[in-house]
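Chemist: Could you have a look at this structure, given as structure tokens, before my questions?
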Amino acid sequence: MVRVAHAPASRERRRRILKRAKGYRGSRGKLTRQATEAVERGLAYAYRDRKVRKRDFRGLWITRIGAASRAEGMSYSKFMAGLKRAGVAIDRKILADLAVRETAVFSELAKVARGTGERTRGSRAAERDHAGAS
């Protein structure tokens, strides 16, 4: 029976790992076993943090919108609720960009949100009772 040589395949696997570990310090960039562990851990962190980045950006946008809406004299939640009630469908990324770059446009949006957001829970219940009476 012919003896099979596995050297080319295993050398290619090691080369692929060490190529990904390029720039790692010490044995993590030179030795196959340590490089494998470091590369796998790095890939796991990269996968996780692609999702964390989205979370972080959403938090940043909310902070910026909240600061700009407080400058307009209303809270973030009242501002967003007013926009929703007015039927304005702009996502937080665009709102945050408007808050930073286009303050005049953001002020107009705040006026729109304020115009629809003045109702309270008591007035909503009164409207419901009024609608049921007629």
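Where a number appears in this text, it was derived from the coordinates with a stated rule and is not lab data. Just so it is clear, the model here is predicted, and its values are computed rather than measured. Cβ: placed from backbone, ideal geometry, glycine included. Neighbour counts: every protein chain shown.
Chemist: Could you work out the equivalent-ellipsoid semi-axes for the chain, taking the square root of 5 times each eigenvalue of the Cα gyration tensor, largest first, in whole Å?
Modeler: Ellipsoid semi-axes (Å, largest first): 59, 19, 12.
Chemist: Just name one of TYR76, TRP61, ALA113: the one whose Cα is farthest towards the positive end of the charge dipole of the chain (beta-carbon charges, Lys/Arg +1, Asp/Glu -1).
Modeler: With unit charges placed on the Cβ atoms, the residue in question is TRP61.
Chemist: With +1 on the Cβ of every Lys and Arg and -1 on the Cβ of every Asp and Glu, and nothing else charged, how large is the dipole of the chain about its Cα centre, in debye rounded to the nearest 20?
Modeler: It works out to roughly 1420 debye.
Chemist: Restricting to lysines 8 or more places apart or on different chains, can you count the pairs in the chain with Cα atoms under 30 Å from each other?
Modeler: So the count of such lysine pairs works out to 18.
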